[in-house]
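This report concerns only the one structure given below.
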Amino acid sequence: MKSPLLVAAVMLALATSSGAQEVRRVLRIRPGSAVESAALLGTNNTSQLTEGARAASAGGGWTYRIAAPGGSLVRLEVRSEGALIVSPSGDDGKPLPPVSRSGASLAVRVPAAASLGSGVRFHFKATGGQGLLREAVVTVIMADANRNGVPDAVDAFLRGGAPAGAGVAAVPLPTRPFTAFQTGQPYNPAIAPPTDAALVFSADRDVLQGWREAGYVVKTMGGFRQYEPYVKANPHEVQTDRNGSMIVIGGNSYYMIPTTGLNEKQRAYYAEAAANGVYAVCPEEPEIFARAGYSEAFKQEWQALYGAPWEPPHSSMEARVKAERLKMQLCLRQIQAVLGPLASTHPGVRRMLAVHSPVTYPHWGITVPHYALFRLPAVQEVIGQVWTGTARTPTRVAGVRAERTFPLAYVEYSSLVHLLRGTSKPLWALMDPVEDNPDLPMDDYIRNYRETLAASLMFPGLDRFEVMPWPSRIYGRVPADYATVINTVVGALTEMWRYPIRKIEAGSEGVGVLIADSMSYQRGDPHPSDFDGFYGLAMPMVMHGLPLQVLSLDRCSEQGYLSGVRTLLTSYDFMKPDAPECNIGLADWVRKGGSLIMVGGTDPYNGLADSWWRKAGLNSPMEDLFLRLGIEPRRVLEEPGVRNVVSPTELLRGDPEERSLKNRRRYTVDLSPFVRETGSVSVRFEDVSRADGWGPYLASAELRINDVLAASFQAGSELETRFLAEDRNSVCNADARFADGDAYWVYRFDGLPREASVKLTLDIGNGFLVSAYPAPPANRLLEAVASGPGALPAYTPDRMLQRIRVLDGYTLTAYAPPADAQVLYRRAGDGVPIVWHAKVGNGSLIYAGVAPAFFTATSQTDRWIRELTRRAFETNGDTLTFATGFVSRRGPYVAARALAGDISLDGSYVDLLAANLPVVESPQVSAGQAAFLRSAGGSGGSTPSVLAVSGRTTARMETATATAFVVQAPASTVGAARLAAGRRTFVGAKACTLRGEAVAVSARQERGTVLLRYDNNPEGVAVRVSWK
């Protein structure tokens, strides 16, 4: 039998869904909670909190006041112990006769004549001993004759002063959730963003019920990491690295091997949630690290799958691939075991999955089979976990490894959008106003929030948003103005389902890059692939305004998947096609008119003995693709990257204990002895103490020959990258280049007089180790080959790309071009063709035999890959246009992100990223900045109007004499609204909650507009503005 509390919740849900002529608000009062603090009166309170209960001795008691407008029915249900009686009264102290009383519940009616702001008082008194209250649930039922979601008493307040017949209209609501947030706490009005749904980390009935009663569609979320009790009982299941160390985050949250026992534990959790009436369940992050694979549980799973003894994953390429395949199978089994049974036991419960992008996971060395997971019928919706913490991962572009939050977020969202495209499985875009690291400055959080927000708004069809995780780490922590901005953004996102994007204003559409689940096979020892290879193909496009499609190689065999794509860039150096069908699909697309750019060709994993291409007698899967394109794969060169084998001479050594740049100054070193051998010198920078992660921090360098300045550059500048010969994971910030732990970089200076005095002055600090050695001759040079028109357009090389020196460490591969191909670049000296362009059916292939990561090395190589893309794109007469930024328009909303140049927008807008919601005319978005705006184009009309509101607007009225709206946002935050005065004069503003409590409003008139400020309420604040 259902408890009275659960019955009340079911009734509330049915009333809401049926459009009943009433508005209900449920307050679940738990002693000590924020809800109780708001209701508890300080007078005549002789109670105290005792172990989660409110207690009073004989004769003592307390009073709760519940605001409710006249005519409301107020129902109270209590869970109590001992001798405790409840007496209701009005604010005037006069008893209110119960309308009904039954057991632990009673109901009273507020007198119809009671003024707005009235309420009911429930007086609790202990008699004959101690009385304990465990919980009280108050339901306020208010008449709503016109069914606009506004109680009649408040509706009358809002219409005060409006012309006869004017009405407050409800803002349309979606029939299914489009916005959500995630939380691990019971309902609290201070952490209640006004979204459609709440993703609650609990299966507990009471916790779920609390959020449901607050008006949310409730979903249960959960992770797969485990804590001390489970780990102590099952230590063999913890993911373990080759050194025997458990993989843990935060000191007590352990990553696990998903054994059948753990899967059953998780299945039971979601089954409990389903039984408790949730709308959806959503497990998150089924992750196994590349460095894992050494625990006993993993060894047992290996034996079970392969029927052979476990092999250390790092021991061979074959063992590595077997380990990663096993991890993927375990992830698939895990999600199927958790979600699969719900399809039959609770078919009405939506089954969701939350994962990071297929870009972040392999970059971070985490194995997750995205393509295979998303194909599971058990998965119906996906949350793409892209936020500041993932998108700020430093990426290397034009020789500089640095944070590039918007471009990487765009790439991440794109990878998820196009992996799910056409599957009918909705994608939710996550963003975070802060991030997991609690120690960053607030301006860092704000800047990166804007970046990910802008990126998420650039995809047509993407209209579901997880607006934040963990509001408890946001509200009450961030500055008040930032909280107001967050509420503004959340309110806007709740409207995006109403305004689909038709097109993005950016560069040319139709350029894509390929990814695959197999990227995760190659991220661990003994031969981890250089993931810069992916970024070398992707980031230059997004950084120059192309709306890049990050597409799935695993889906290329699907009919129509590549429709609309004109040019594809790919490399099999950092991934492999899982089956020949991938190549068949690609070859078919090329013959029908697609232009493919294939990069690289040399990778240790090409040598896998049991691979499908080796069994076919081929050296690599790329050779299989060549055959399917009608090109004979004849390899004529495979030259590994050249690395220094000379022991460098130490020149400078910093203090290994220094971490605060106290030793930063200008140091000068003599390079003359190293120049005499070849006229070239290499200078290496590394961490003097790799264990502590505080290596060299270089701001600038100056090279002098015979005391005359020959070169001077700032770290991270385009000029600096011209001297960058080798870079292993060094990072640049706004001030310097630094390399911590195993990271290092090398400058190379060529063409120096052998007998001259050559000195290098460095602005450097922290734990640096600087060494030098004579550089070998620079003989890895590519030269462009001009050609006239033929089967392909004429090739006239870009002036800046006539000669390209392939830096140390990057492999060169050459395949003989077909007879009718155009050679675009040859190696100087022997003329070996490295880059060529061949016609294939109605399409074409550009082959570039350089390691794909080389396109991240310098600004020249960044430009080179863009020019190769231009040639491929324009082969069939199209024109490739790059852009200075991205702009998306959704109804009245505009999101923009400027890249290398400014973006100018015509018209009048409200700046939604400013707390005071200013109106800006023809705004200019500066390079590197993001904007989120709402059109104020109607502000010049005669009738006043609401331009923008911080929070979710649920009802609105606009007339010549009165403007009104209802807005929801978390308690303890400040609301803001910008109204256009039209041709009227502001008279005043008043506000109240939806239960009639007065709310103070301040108003400031500014250039034909009015800015209102007031305290928010998650139930809703009703605001009325009068005009004359």
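Remarks
- Any hit, the range 497-514, residues being at pLDDT 95 or above, aromatic (Phe, Trp, Tyr) and within 28 Å of ASP578 (Cβ to Cβ): no
- Selected residue (criterion: farthest from ALA68 (Cα to Cα)) from residues of the range 95-110 that are touching a residue at least 24 places away in the same chain (Cβ under 8 Å) and surrounded by 14 or more Cβ atoms within 10 Å (Cβ to Cβ): ALA104
- PRO362 within 21 Å of ILE247 (Cβ to Cβ), in contact with a Lys or Arg (Cβ under 9 Å, 6 or more places away or on another chain) and not assigned by TED's automatic domain parsing to the domain that holds TYR521: yes
- Test: residue in the range 389-412 that is of a type in the set (Phe, Trp, Tyr) and touching a helix residue (DSSP H, G or I) at 6+ places or on another chain (Cβ under 6 Å): yes
- Conditions (1) within 23 Å of GLY250 (Cα to Cα); (2) at pLDDT 95 or above: number failed by ILE446: (1)
- Of the criteria (1) within 18 Å of GLY891 (Cβ to Cβ); (2) in contact with a Pro (Cβ under 9 Å, 6 or more places away or on another chain); (3) crowded, with 22+ Cβ neighbours inside 10 Å, which one GLY937 fails: (3)
- Residue within the range 722-730 that is of a type in the set (S, T, N, Q) and within 31 Å of the chain's Cα centre (by Cα) present: yes
- Any chance PRO818 is loosely packed, with under 15 Cβ neighbours inside 10 Å, touching a strand residue (DSSP E or B) at 6+ places or on another chain (Cβ under 7 Å), at pLDDT 95 or above and in a loop (DSSP other than H, G, I, E, B): no
- Residues located in the range 32-59, provided they are part of a loop (DSSP other than H, G, I, E, B) and surrounded by 21 or more Cβ atoms within 10 Å (Cβ to Cβ): SER47
- Subset of the range 89-129 [more than 20 Å from VAL26 (Cβ to Cβ) and in a loop (DSSP other than H, G, I, E, B)]: ASP91, ASP92, GLY93, LYS94, PRO97, PRO111, ALA112, ALA113, ALA114, SER115, LEU116, GLY117
- Qualifying residue in the range 588-608 (condition: free of Cβ contacts under 8 Å to residues at least 60 places away in the same chain, within 15 Å of GLU558 (Cβ to Cβ) and not in a loop (DSSP other than H, G, I, E, B)): yes
- The strands (runs of 3 or more DSSP E) located wholly in the range 427-532 that include 1 or more residues which are over 30 Å from GLN185 (Cα atoms) and over 18 Å from the mean Cα position of the chain (by Cα) occupy 511-515.
- Qualifying residue in the range 794-803 (condition: among the hydroxyl-bearing types (Ser, Thr, Tyr), out of contact with any strand residue (DSSP E or B) (no Cβ under 6 Å at 6 or more places or on another chain) and surrounded by 17 or more Cβ atoms within 10 Å (Cβ to Cβ)): no
- Restricting LEU752, LEU760 to residues that are surrounded by 18 or more Cβ atoms within 10 Å (Cβ to Cβ), in the same structural domain as PHE685 (by TED's automatic domain parsing) and either modelled with pLDDT under 95 or in a loop (DSSP other than H, G, I, E, B) (or both) narrows the list to LEU752.
Conditions tested, residue by residue: (1) assigned to a strand (DSSP E or B); (2) without any contact (Cβ under 8 Å) to a residue 60 or more places away in the chain; (3) under 30 Å from SER72 (Cα atoms); (4) in contact with a Pro (Cβ under 8 Å, 6 or more places away or on another chain).
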{"position": "SER942", "(1), (2), (3), (4)": "no, yes, no, no"}
{"position": "ALA948", "(1), (2), (3), (4)": "yes, no, no, no"}
{"position": "ALA955", "(1), (2), (3), (4)": "yes, no, yes, no"}
{"position": "ALA964", "(1), (2), (3), (4)": "yes, no, yes, no"}
{"position": "ALA977", "(1), (2), (3), (4)": "yes, no, yes, no"}
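This table checks each residue for (1) among the hydroxyl-bearing types (Ser, Thr, Tyr); (2) surrounded by fewer than 24 Cβ atoms within 10 Å (Cβ to Cβ); (3) without any contact (Cβ under 8 Å) to a residue 24 or more places away in the chain.
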position: LEU493; (1), (2), (3): no, no, no
position: ALA516; (1), (2), (3): no, no, no
position: PHE531; (1), (2), (3): no, yes, no
position: TYR535; (1), (2), (3): yes, no, no
position: MET541; (1), (2), (3): no, no, no
position: HIS544; (1), (2), (3): no, yes, no
position: SER552; (1), (2), (3): yes, yes, no
position: LEU569; (1), (2), (3): no, no, no
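- Search result, residues across the range 827-857 that are more than 22 Å from ALA794 (Cβ to Cβ) and surrounded by fewer than 23 Cβ atoms within 10 Å (Cβ to Cβ): ARG827, ALA828, GLY829, ASP830, VAL832
- Beta carbons closer than 9 Å, at least 6 apart along the sequence or on distinct chains, pair a first residue in the range 653-665 that is in contact (Cβ under 8 Å) with a residue 60 or more places away in the chain and within 15 Å of ALA736 (Cα to Cα) with a second that is among the hydroxyl-bearing types (Ser, Thr, Tyr) and not in a loop (DSSP other than H, G, I, E, B) for LEU661/TYR697; ARG664/TYR697.
- Applying the criterion of being loosely packed, with under 15 Cβ neighbours inside 10 Å and among the small types (Gly, Ala, Ser) to the residues of the range 254-276, the residue that is farthest from SER202 (Cα to Cα) is GLY261.
- Consider the range 963-980 and keep the residues that are hydrophobic (A, V, I, L, M, F, W, C), touching a helix residue (DSSP H, G or I) at 6+ places or on another chain (Cβ under 9 Å) and buried (at least 21 other Cβ atoms within 10 Å of the Cβ). The one that is nearest to ALA34 (Cα to Cα) is ALA969.
- The range 402-426, residues that are part of a loop (DSSP other than H, G, I, E, B) and farther than 21 Å from LEU899 by Cα: ARG421, GLY422, THR423, SER424, LYS425, PRO426
- Residue in the range 884-907 that is under 30 Å from LEU792 (Cα atoms) and surrounded by fewer than 21 Cβ atoms within 10 Å (Cβ to Cβ) present: yes
- Within the range 705-729, residues that are in contact (Cβ under 8 Å) with a residue 12 or more places away in the chain have Cβ atoms under 6 Å from residues that are part of a strand (DSSP E or B) and surrounded by fewer than 17 Cβ atoms within 10 Å (Cβ to Cβ) in these pairs: SER712/GLU702, counting only partners at least 6 apart in sequence or on another chain.
- Here TRP62 meets the list (1) crowded, with 20+ Cβ neighbours inside 10 Å; (2) more than 48 Å from the chain's Cα centre (by Cα) almost entirely, failing just condition (2).
- Sole exception among (1) under 22 Å from GLY607 (Cβ atoms); (2) part of a helix (DSSP H, G or I); (3) more than 20 Å from the chain's Cα centre (by Cα) for GLY536, by number: (1)
Residue-wise test of (1) farther than 22 Å from GLN329 by Cβ; (2) among the β-branched types (Val, Ile, Thr); (3) modelled with pLDDT under 95.
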{"residue": "PRO358", "(1), (2), (3)": "no, no, no"}
{"residue": "TRP364", "(1), (2), (3)": "no, no, no"}
{"residue": "TRP387", "(1), (2), (3)": "yes, no, no"}
{"residue": "LEU408", "(1), (2), (3)": "yes, no, no"}
{"residue": "LEU453", "(1), (2), (3)": "yes, no, no"}
{"residue": "PRO460", "(1), (2), (3)": "yes, no, yes"}
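- Qualifying residue in the range 113-132 (condition: more than 49 Å from the chain's Cα centre (by Cα), under 23 Å from ASP152 (Cβ atoms) and surrounded by fewer than 19 Cβ atoms within 10 Å (Cβ to Cβ)): yes
The values are calculated or read from the model by the stated rules, or taken from the named source; none is laboratory data. Because the structure is predicted, anything quoted here is derived from the model rather than measured. Positions of Cβ are backbone-derived with ideal geometry, glycine not excepted, and every protein chain shown enters the neighbour counts.
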